[in-house]
Amino acid sequence: MSERQQQDRAWGFRTRAVHAGTVPDEATGSRAVPIHQTTSYVFRDTDDAAALFALQKYGLIYSRIANPTVSALEERLASLDGGIGAVCTASGQSAEFLTFAALAGAGDHVVAAAGLYGGTITQLDVTLRRFGVDTTFVPGTDPADYAAAIRPGTKCLFAEIVSNPGGEVADVAGLAEVAHAAGLPLVVDATLATPYLCRPIEHGADIVIHSVTKFLGGHGTTLGGVVVEAGTFDWGNGNFPGMTEPVPSYGGLTWWGNFKELGFLTKLRAEQLRDVGATLSAHSAFLLMQGVETLPQRMAAHVANARRVAEWLDADPRVSYVTYPGLPSHPHHERAARYLPDGPGAVFAFGVAEPGGQRSGGRAAGARFIEAVQLCSHLANVGDARTLVLHPASTTHQQLTPQQLEQAGVPGDMIRISVGLEDPEDILWDLDQALTAATEETP
Amino acid sequence: MNPEQTWENPPAVRRQQILAETRTVAMVGASANPSRASNFVATYLLASTGYEVYFVNPNATEILGRPVYRSLAELPVVPDLVDVFRRPADLSGVLDEVLALDPLPRTFWLQFGLFDADLARRAEAAGLEVVMDRCLKVEHARFAGGLHLAGFNTGVISSRRRG
């Protein structure tokens, strides 16, 4: 067996981005990961089936719970994030829902950052609240404020590594300390960073979530999500009876007692994915895998373009502000340098000044800017190979008053940009001509 | 000094070799109770490996339809690997039993949660190879592909066909 000559080696990130999780299979030797487009798997015999259903042996039953193409993506993402394992899901939203569903039930409580992505806010504030899970949203990033929100029944702390579009950077180590002191896991959504720019587990996070749809997939073709766990949290600390009490549907085993460090992800797959069914399809996993293979090269290019665009915007008098934490003027510039030393991603926001240089109230100017772009795409996504722009005040937040917009941290003149992989000169050309159109016209 | 820092498990490549060279396994402290981890590991070893598995427990007579032996000395073979599911206080006595076998088993394996650096050094000095605080099932599944199918990070990077 050739592995016997192999030395133990700590493989590099770029190597793992193209190899982890895809050892060629014994039957065909396929080098690329095959698309296992099947719903279900033939049992060897009745004993085999019974052992699989009782989780006594590892294997495949039904693609809602596991599929070999999806497994390949799961192991690759777990490897890149430095986790013990991963469970892929149909979208980033479902990755979050499965995680909350595994950790909390009616009467329980979540402490979350107030500046989260709007879809995460509504999942917690609308659907999960209706299911009896209460969430306290904490403004800002001071760990002491999160500690003060913890109460009996709290099941996790939740934050984003880089907020969208304000560019606030979470103090992951500080939040981990606060969470662990209370016997709670820290859950970090690292979508905008990807494991190439930041691996929150290295700073103390216990669970990492990504919308794989964004930079990990990177091409704007395919939805997907993932939950990665560090495998170091003590689920037997008394705060998580769901991990330590017998599970009747699996013959009375306990996730912590029978699976130890693999217990949380085993529960997430065998219970939450089984019951909720927000499964990633094999074909989607294949497409996302193609993106992940070039993640290091693409992210380096995204960050280089984003830095150039942010600096150019920052120097332009037609732009009232830029929220890129890579700029020295951003309040979290130093924290970004600590947690994301290779750059704080490629999504940020800027304000379009009104003609005459008015500082605020540029709702009309923002809308004119969006109407004028020719290369940047006006759509509601981030992390595409193409540069994307969105004007929240005339789309996602158009029903809000100017005062409400300010309270939501979405001023009327704000444009969100996700910088793509085009020639930076072409992106700057488009921004320049659109800014001209937005600021020259008189309303 | 923290004694746990004074001893390290064999690296992954060596653990894989140990599993490949093992034919017979004795599970010391195997339980007949299906809710116990040892019973759960036994179901995996019987269904998913080619190992010849023997159960040792003076307080049980049958586990998963198989006979149970009162002690390691009563086994019909000397096992290649002794997999221990006992309380920390009992480990030294188990090692004494292992060292009394002739010939010696090759591997002394302590399950999740069991770690004793002094005991490991005593076993190694007597010629045993030691793995501690690791699950035999998880390590087998890591290299046999089962762990991969369940989405776990096996650490295996290889351009060679699996198997």
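Every number here is computed from the coordinates shown, using simple stated rules; none is lab data. What you are looking at is a predicted structure, and each value in this text was computed from that prediction instead of being measured. Every residue, glycine as well, gets a Cβ built from its backbone with ideal geometry; the counts of neighbours run over all protein chains shown.
Below, the figures for the structure above:
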read-out	value
Cβ charges +1 (Lys, Arg) and -1 (Asp, Glu), total dipole of segment A:176-282, debye	320
Of A:Tyr324, A:Leu375, A:Ala106, farthest towards positive along the dipole that unit charges on Lys, Arg, Asp, Glu beta carbons give the protein assembly as shown	A:Ala106
DSSP loop trypsin sites (Lys or Arg not before Pro) with at most 12 other Cβ within 10 Å excluded, longest remaining stretch of chain A	A:45-358
Reachable lysines, given that their alpha-carbon falls under 27 Å from the alpha-carbon of A:Lys214 and they are not under 8 places away in the same chain	A:Lys267
Filtered GluC sites (Glu not before Pro), segment B:1-110: DSSP coil and at most 15 other beta carbons within 10 Å	B:Glu8
Dipole of chain A, positive direction: furthest Cα of A:Ala32, A:Trp255, A:Phe348, with charges on the beta-carbon	A:Trp255
Length-normalised contact order for chain A - Cα pairs under 8 Å, 6+ apart - percent	15
Length-normalised contact order for segment B:75-163 - Cα pairs under 8 Å, 6+ apart - percent	24
Peptide B:39-48 - average C-beta neighbours from other chains (10 Å radius)	5
Cα-only radius of gyration and Dmax that characterise chain A, units Å	22.8, 78
Chain B - percent relative contact order, Cα under 8 Å, separation 6 or more	21
Only Lys, Arg (+1) and Asp, Glu (-1) charged, at Cβ; chain A dipole about Cα centre in debye	640
Extended-chain gain in nm, criterion 0.36 nm per residue less alpha-carbon gap, A:His397 and A:His378	5.3 nm
Overall form of segment A:124-191 per C-alpha gyration tensor (a/c, 1.5; a/b vs b/c)	oblate
Descending Cα extents along the principal axes, segment A:335-438, whole Å	37, 31, 25
Shielding score for A:59-72, defined as the mean number of other chain Cβ atoms within 10 Å	2
Average beta carbon contacts from partner chains per residue of A:260-267, 10 Å cutoff	3
Least to most buried among A:Asp8, A:Asp142 (fewest other Cβ within 10 Å first)	A:Asp8, A:Asp142
Semi-axes of the equivalent ellipsoid for segment A:123-240, Cα gyration tensor, largest first, Å	23, 17, 15
Leading residue at positive end of dipole, chain B (Cβ point charges), from B:Ala30, B:Leu19, B:Pro76	B:Leu19
Neighbour-count ranking [beta-carbon atoms within 10 angstrom, fewest first] of A:Glu245, A:Glu271, A:Glu425	A:Glu425, A:Glu245, A:Glu271
Ranked B:Ser38, A:Ser418, criterion: other C-beta atoms within 10 Å, fewest first	B:Ser38, A:Ser418
Cα centroid separation - segment A:365-420 against segment A:74-123, whole Å	26
Dipole in debye (nearest 20) - segment B:41-104, about Cα centre, beta carbon charges: Lys, Arg +1; Asp, Glu -1	240
